[in-house]
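**Q** Below you will find the structure I want to go over with you.
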Amino acid sequence: QCLDKKSVVMIRKNRGKGSAAWKILNEYFRSTEKPRIQQMLHEITNLKMKNGEDIRDYLMRAEQLQIELEDVGENLSERMLKLMITKGLPREFEQFLTVLNFSKEEKTIEELKRDMTNYWNEKKGTNQPTQKRVDTASAFMADGNKLRKCFNSDKPGHTANNCRSQTK
């Protein structure tokens, strides 16, 4: 792993004293001082998915910030975390967010992450679904989130025009 310039300067005077350098770095990165907390709160409230960033990396950054905040005694509710995550999504997620906002059912953070990853994979054309993959349009229906059944295959999760089975 590598250290940033500031970290190297902080531990330079403790050459050969690994435990002392570790304490200095640990205190700096686990600081509960007001400026550090303000910096983390600023990062989470201004969280944005970077251009070209994978959705999994974006979600991991958000969760890491939540963990760091919890470590210093600042608890971020699941609802607030979901809000910060969805607020920072690019325009590519506009359809996803519209359906999510009109959904009657409140999703857990895990369900939201799963659905966002599935949506991203569909959008990018990668076929690496995460658990319980279903057709995105069907999964977020505004009428109580009931899944549609295909008229061709009689299976839930997709419609006849998206069916991969042969017609009856």
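**Q** Being closer than 28 Å to GLY157 by Cα and touching a residue at least 40 places away in the same chain (Cβ under 8 Å) is the requirement here; does LEU100 meet it?
**A** Details: closer than 28 Å to GLY157 by Cα: yes; touching a residue at least 40 places away in the same chain (Cβ under 8 Å): yes.
Judged against the criteria, LEU100 is a match.
**Q** While we're looking at this one, here's another question. Restricting segment 117-168 to residues that are modelled with pLDDT of 55 or more and of a type in the set (Val, Ile, Thr), which is nearest to ARG61 (Cα to Cα)?
**A** Narrowing segment 117-168 to residues modelled with pLDDT of 55 or more: 117-126, 147-167.
Checking the rest, the ones that are also of a type in the set (Val, Ile, Thr) come to 117, 126, 159, 167.
On the way: THR117: 14, THR126: 22, THR159: 35, THR167: 44 Å.
If we take residues in segment 117-168 being modelled with pLDDT of 55 or more and of a type in the set (Val, Ile, Thr), then THR117 is nearest to ARG61 (Cα to Cα).
**Q** Inside segment 1-116, counting only helices (runs of 4 or more DSSP H) that do not spill past its ends, which hold 1 or more residues that are open to solvent by 90 Å² or more (accessible area, probe 1.4 Å) and at pLDDT 90 or above?
**A** Answer list for segment 1-116: 55-71, 78-87, 94-102.
**Q** Six or more apart or on different chains, Cβ under 9 Å: which pairs go from a residue in segment 149-160 that's free of Cβ contacts under 8 Å to residues at least 60 places away in the same chain and under 20 Å from TYR119 (Cα atoms) to one that's open to solvent by 90 Å² or more (accessible area, probe 1.4 Å) and among the β-branched types (Val, Ile, Thr)? Could you list them?
**A** Taking only residues 6 or more apart or on different chains, the pairs are ALA160/THR167.
**Q** For residues that are closer than 21 Å to GLU110 by Cα and either over 16 Å from the mean Cα position of the chain (by Cα) or touching a residue at least 24 places away in the same chain (Cβ under 8 Å) (or both), tally how many sit in segment 34-61.
**A** Step one: filter segment 34-61 for residues closer than 21 Å to GLU110 by Cα, giving 44-45, 47-49, 53-61.
Going one step further and asking which of them are either over 16 Å from the mean Cα position of the chain (by Cα) or touching a residue at least 24 places away in the same chain (Cβ under 8 Å) (or both), we end up with 44-45, 47-49, 54-56, 58-59.
Qualifying residue count, segment 34-61: 10.
The values are calculated or read from the model by the stated rules, or taken from the named source; none is laboratory data. All figures in this text were calculated on a predicted structure; none of them were measured in a lab. Positions of Cβ are generated from backbone atoms using ideal geometry, with glycine treated the same way; all protein chains shown enter the neighbour counts. What goes into the accessible areas is simple: the full protein's heavy atoms, side chains included, and nothing from ligands, DNA or RNA. Shrake-Rupley method; radii C 1.70, N 1.55, O 1.52, S 1.80 Å.
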